[in-house]
Amino acid sequence: MGLRGYSMPDEIYFLCLLHNVGATSSDRALTLEEISRWTVMELDKVRENLEKLISTEYVQRIFEQGTERFHVTTNGIRKVLSMYS
Amino acid sequence: MKMNVCMLTWEFPPRIVGGIARHCYGLARALARDNHEIHVVTLDFPGAPMFEEIDGAKIHRVKIELGHPNFITWTFIFNHFLEKEVATLCREVEVDIIHIHDWLTASSGIATKNFLKKPLVSTVHSTEVGRVQELRSPDSYLIDGMEWWMTYEAKKIILCSNSMKWEICNHFHLPQDKIAVIPNAVDAHEYDRHVDRETVRKRYSIEPYDKLVLFVGRLVPQKGVEHLIKAIPRIVQQHNEAKFLIAGDGWSRSYLESLAVSTGYRDRIRFLGFISDSERIDLMMSADVLVVPSVYEPFGIVALEGMAAGVPVVASNVGGLSEIVEHDRTGVLVYPENPESIAWGVNRVLSDYGYSQWIIENAKKRIRDVYSWEAVGRKTVKIYEQACKG
């Protein structure tokens, strides 16, 4: 199979959604529930995608007053933008 | 004549996606050095100041306060914020010309043109139909329509190569007298520095006797990296000491990594992800060959950068690359989407040191003579003047 028949991995599509809704810095990081609402995805699926993206350093997890929040990293932003330029 | 220019772009360093950021950076500084007043309005990026001056060019970064999961919707949202920034700017500056780069800033540029009643110049860096090869989705149709709209509304259209000129004229049925071809450029001074090849190579576990084959670019289908990876067994067959570094990121990275495994030479291939400009220059100056295996390439600024860095360039014979690289003189041109041909080109350079040095010298001379930002700046100002007169 060549690249033309290859579709975008789920977590990369999810990364795009996270970028486009504006979660691109720590002050705009979103909670799991907020991401679930924006992306219309079940919490489990959201968590699964986030864990993959954290392991590749495209997403960062932060804790703010005991609440877990997530935002796209600079490398994540570049990854997303590479699709459109 | 001194011009006040408002340039709109969605990418500007450190927000580097592809060639547009480098183009806008080089052009804005060249125009400012030539005493024009340049205001670049662009999107923010983590860590970058909201306003800064770079070599006289004024950079205004805009925070996007709203978002939406759909990319096209998000694009229209950020254009609204760009437009708002331009409106603020225009209270203090009498803008003579609005210059937009690609469809991504088309709607704010066109709105600005109409409320200021000033001419619009559009640079088209690539087209949707070229990037995806065939329009298949509603988003692609809309982007194609936006590209037509930006060329229709513009007084003058700047393209970076003759191949783009034919592509645009045919696809959008544009009159040729509206179009100017101004190639991209490279800042040759950035490469006037000493790089300790051994130290740089050591950082990537490349031994002095290894042959370093380098790719730099986005990991997306149009860049043709899969064909380079498929060429690797043929290259290793002739050059057992060959090692491969793939710098850049993109949505097809995971596919390319699995393809690398299938070659049987995964241990010789390293994916570096995004690298800084300084690291890119170090790597280019330390490599034995730079491969640009693009399937579609309106210009191919990375080939110019390689030529300036003094590394032999092996490039696909497509689009702007065929205009930048003169086969067997300033580089080697190979058939696109053809691993056998890519391997042939790489092996040719790696096998003959005298030949590769000859190519390097010819390429450096070509860069000095033709591809400077000062020349691009002067040509662009002429287009601005024509747009203001007409």
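A few points about this structure:
- Test result for B:Lys165, open to solvent by 20 Å² or more (accessible area, probe 1.4 Å), within 14 Å of chain A (Cβ to nearest Cβ), touching a helix residue (DSSP H, G or I) at 6+ places or on another chain (Cβ under 8 Å) and part of a helix (DSSP H, G or I): no
- Any hit, the range B:191-207, residues being assigned by TED's automatic domain parsing to the domain that holds B:Gly306, in contact with a helix residue (DSSP H, G or I) (Cβ under 9 Å, 6 or more places away or on another chain), on the phi > 0 side of the Ramachandran plot and not in a helix (DSSP H, G or I): no
- Tally of residues being touching a residue at least 24 places away in the same chain (Cβ under 8 Å) and part of a helix (DSSP H, G or I) across the range B:88-114: 12
- Residue count for the range B:337-390, restricted to those that are over 19 Å from B:Gly310 (Cβ atoms) and assigned to a loop (DSSP other than H, G, I, E, B): 3
- Close pairs from the range A:1-12: first more than 13 Å from B:His227 (Cα to Cα), partner at pLDDT 65 or above and among the aliphatic types (A, V, I, L, M), Cβ under 9 Å, at least 6 apart: A:Met8/A:Met83; A:Glu11/A:Leu50; A:Glu11/A:Leu53; A:Ile12/A:Leu53; A:Ile12/A:Val80; A:Ile12/A:Met83
- Consider the range B:26-51 and keep the residues that are touching a Lys or Arg at 6+ places or on another chain (Cβ under 8 Å) and not hydrophobic (A, V, I, L, M, F, W, C). The one that is surrounded by the most Cβ atoms within 10 Å (Cβ to Cβ) is B:Thr42.
- Residue under evaluation B:Glu167, criteria (1) more than 24 Å from B:Ser108 (Cα to Cα); (2) without any contact (Cβ under 8 Å) to a residue 12 or more places away in the chain; (3) not assigned by TED's automatic domain parsing to the domain that holds B:Met285, criterion not met: (2)
- Residues of the range A:16-36 that are touching a strand residue (DSSP E or B) at 6+ places or on another chain (Cβ under 9 Å), part of a helix (DSSP H, G or I) and not β-branched (Val, Ile, Thr): A:Leu18, A:His19, A:Ser26, A:Asp27, A:Arg28, A:Leu32, A:Glu34.
- Residue check, B:His194 closer than 19 Å to B:Tyr296 by Cβ and not small (Gly, Ala, Ser): no
- When residues of the range B:231-252 are limited to those that are in a helix (DSSP H, G or I) and buried (at least 22 other Cβ atoms within 10 Å of the Cβ), the one farthest from the other protein chains (Cβ to nearest Cβ): B:Ile235
- Conditions (1) within 15 Å of B:Gly319 (Cβ to Cβ); (2) among the aliphatic types (A, V, I, L, M); (3) open to solvent by less than 30 Å² (accessible area, probe 1.4 Å): number failed by B:Ile157: (1)
- Condition met for B:Leu89 (modelled with pLDDT of 95 or more, assigned by TED's automatic domain parsing to the domain that holds B:Leu31 and out of contact with any helix residue (DSSP H, G or I) (no Cβ under 9 Å at 6 or more places or on another chain)): yes
- Residue match in the range B:108-115 (condition: aliphatic (A, V, I, L, M), assigned by TED's automatic domain parsing to the domain that holds B:Tyr152 and under 21 Å from the mean Cα position of the chain (by Cα)): no
- Yes/no for B:His23 being open to solvent by less than 20 Å² (accessible area, probe 1.4 Å) and either touching a His at 6+ places or on another chain (Cβ under 8 Å) or in a loop (DSSP other than H, G, I, E, B) (or both): yes
- Residue match in the range B:65-74 (condition: open to solvent by less than 50 Å² (accessible area, probe 1.4 Å), among the hydroxyl-bearing types (Ser, Thr, Tyr), within 14 Å of another protein chain (Cβ to nearest Cβ) and touching a helix residue (DSSP H, G or I) at 6+ places or on another chain (Cβ under 9 Å)): no
- Test: A:Glu51 is more than 14 Å from chain B (Cβ to nearest Cβ), farther than 30 Å from B:Ser140 by Cα and touching a residue at least 24 places away in the same chain (Cβ under 8 Å): no
- Test result for B:Leu219, open to solvent by less than 10 Å² (accessible area, probe 1.4 Å), under 18 Å from the mean Cα position of the chain (by Cα) and within 14 Å of chain A (Cβ to nearest Cβ): yes
- The residue that is farthest from B:Phe274 (Cα to Cα), among those in the range B:196-216 that are over 18 Å from the mean Cα position of the chain (by Cα) and open to solvent by less than 20 Å² (accessible area, probe 1.4 Å), is B:Asp210.
- Residues (more than 25 Å from B:Cys388 (Cβ to Cβ) and open to solvent by 30 Å² or more (accessible area, probe 1.4 Å)) located in the range B:92-130: B:Val129
- Residue match in the range B:54-62 (condition: open to solvent by 50 Å² or more (accessible area, probe 1.4 Å), within 19 Å of B:Ile38 (Cα to Cα), modelled with pLDDT of 95 or more and among the acidic types (Asp, Glu)): yes
The values are calculated or read from the model by the stated rules, or taken from the named source; none is laboratory data. This structure is a prediction, so every number in the text was calculated from the model and none was measured. Positions of Cβ are generated from backbone atoms using ideal geometry, with glycine treated the same way; all protein chains shown enter the neighbour counts. Side chains included, ligands, DNA and RNA excluded: accessible areas come from the protein's heavy atoms. Shrake-Rupley method; radii C 1.70, N 1.55, O 1.52, S 1.80 Å.
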